[in-house]
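Have a look at the structure below, then the notes.
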Amino acid sequence: MPNWLTNFVLPKIRAAVSRKEVPDNLWRQCPSCEQTLFLKDLTADLMVCRHCGHHFRLGSAERFKMLFDDAVFEKIELPKAAVDPLKFRDRKRYTERLRESQAAMGAGSEAIAVAAGRIGGVGSVIAAFDFAFMGGSMGIAVGEALVSASRLAVEHQAALIVIPSSGGARMQEGILSLMQMPRTIIAADMVKEARLPYIVVLTDPTTGGVAASFAAIGDIAIAEPGAVVGFAGARVIEETIREKLPEGFQRAEYLLEHGMVDMVVKRAELTATLARLLKLLCEPVLLPATATAHPA
C-alpha cells in the first residue's frame with residue numbers, strides 16, 4: 001500500500017543519487033590522441049586538438065567565417081545542375097542519398113559552396129567543399145560551382161581560393177562526374193589567364209579525381225597539417241606494387257618534403273598566411289623614384 005515513504009521519501013532519495021545524463025554534443029574525442037575535448041574549447045581552437053594538433057574537418061560555413069575579413073562575406077547562389085541524370089541506383093536511389101544529405105545540411109546544399117569577400121583587404125572568391133555531403137564528391141553541381149567561382153573571380157578581378165575536401169568523383173554520376181575534371185582545369189586556367197592568383201588549400205582528405213584535376217594546379221599549394229592528399233588510397237597502392245609505403249606517405253608533411261606542396265600551414269595561421277600571399281601577388285610594387293637616370 002502506498003505511504004509517505006514510497007510517495008515522498010523514496011523519490012527524493014532516487015533524485016539525489018541518480019546520475020544526470022551528459023548531452024552527447026558537449027564533448028568530442030580526438031581520433032589521433034583519443035583525448036576527450038570540450039566542444040566549446042575545440043570550437044574556440046578552430047577545431048584543432050590542443051593536445052596533439054590534429055585538425056578536424058571543417059565545413060564551408062566555418063571556412064568562410066574564419067578566412068574572410070571580420071567574417072563578412074556574400075554567399076553566391078550557384079546554378080542548378082541536373083539531378084540524377086543517369087537514374088542511378090545501388091543499395092539506395094541516388095535521389096534518396098541526395099535528400100538525406102540535404103536534410104542533414106540544409107535544403108539546396110551540395111558538396112561545395114562559394115562566397116565572395118575580402119582577405120587582408122584583397123577581393124577574394126572562396127570555393128570550399130563540405131566533406132559531410134556525400135564525402136565531398138565531385139559531380140556536375142561541383143563542376144558548375146567551380147566554373148561559376150572562376151567567372152566571378154575574373155569578372156571582379158579577385159583572387160580565387162579553392163579548399164577541397166573530397167573523396168573524388170561522384171560514382172552515381174558516372175562519366176558525367178569524370179567530365180568535371182577537365183572542366184575544372186579549364187575554369188582554373190580562366191583565372192590564370194586573367195593574371196589573377198589561384199590558390200589551393202589542401203585539406204583532409206583530397207583524393208581521387210579532385211586531387212588529379214583542379215587541386216593539383218594551384219599557383220600556390222598550401223596544405224593543412226596531417227592532411228591526406230593523393231589519387232589512390234595507400235592500401236590500394238600497396239596491394240598494386242606489393243611493397244610497403246614509407247611512413248607518412250600521402251600526408252601533407254611528406255608531400256612538402258618531396259616538393260608536391262609549397263607550404264604546410266596550421267589552421268590558426270592560415271588567414272594571416274593567405275592575406276600575406278594575396279598582398280604580395282595583387283598589390284603592385286612601387287619602386288622609389290630616382291633623381292637621375294642611369295645610362296644603359
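We did not get these values from a lab; they are worked out from the coordinates using the rules stated. As the structure is a computational prediction, the values presented were derived from the model and not from experiment. Cβ sites come from the backbone with ideal geometry, for glycine too, and all protein chains shown count toward neighbours.
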Counting alpha carbon pairs within less than 8 Å and at least 6 residues apart, what relative contact order, in whole percent, applies to segment 160-296?
21 percent
Rounding to the nearest 10 and keeping the result within 0 to 90°, find how far the Cα-based axis of helix 180-193 lies from the longest principal axis of the chain.
50 degrees
Relative packing of peptides 67-73, 120-126, 38-44, 180-186 - highest average C-beta neighbours within 10 Å first
120-126, 180-186, 67-73, 38-44
Any cysteine of the chain lacking a neighbouring Cys Cβ under 4.7 Å - listed by number
CYS282
When the helices in the chain are scored as -39500 (n - 2.57) per DSSP H run of 4 or longer and the sum is shared across all residues, what 222 nm value do you end up with, to the nearest 500 deg cm²/dmol?
-10000 deg cm²/dmol
Order the peptides 98-106, 54-62 from the highest to the lowest mean number of other Cβ atoms within 10 Å of their residues.
54-62, 98-106
Nearest 20 debye, what's the magnitude of the dipole of the chain about its Cα centre given +1 on Lys and Arg Cβ and -1 on Asp and Glu Cβ?
960 debye
How high is the relative contact order of the chain, in percent, with contacts defined as C-alpha pairs under 8 Å that are six or more residues apart?
14 percent
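Return the Rg/Rh ratio of the chain with Cα-based radii and a Kirkwood Rh. If you can, show how the numbers build up before the last one.
On the way: Rg = 24.2 Å, Rh = 21.6 Å.
Taking Rh as the inverse mean 1/r over Cα pairs, Rg/Rh reads 1.12.
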Does anyone have the angle between helix 94-105 and the longest principal axis of the chain? Alpha-carbon axes, 0 to 90°, nearest 10?
80 degrees
Placing +1 on each Lys and Arg Cβ and -1 on each Asp and Glu Cβ in segment 58-282, then taking the dipole about the Cα centre, the residue among THR203, GLN172, ALA188 whose Cα reaches farthest towards the positive end is GLN172
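Sort LEU176, LEU278 by Cβ crowding within 10 Å, fewest neighbours at the top.
Going from least to most buried by this count: LEU176, LEU278.
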Just to confirm the number: angle between the C-alpha axis of helix 140-155 and the first principal axis of the chain, 0 to 90 degrees, nearest 10?
50 degrees
Here FRET efficiency (C-beta to C-beta, GLU96 to ARG235, R₀ 30 Å, nearest 0.05) is 0.55
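Over 25 Å between Cα atoms: which of LYS192/LYS279; LYS65/LYS266; LYS65/LYS92 fall into that group?
Working: LYS192/LYS279 17 Å; LYS65/LYS266 17 Å; LYS65/LYS92 35 Å.
Listed pairs above 25 Å: LYS65/LYS92.
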Just check segment 48-110 against the gyration tensor rule for me: Cα atoms, a ≥ b ≥ c as the square roots of the eigenvalues, rounded for a/c under 1.5, and otherwise prolate or oblate depending on whether a/b exceeds b/c.
oblate
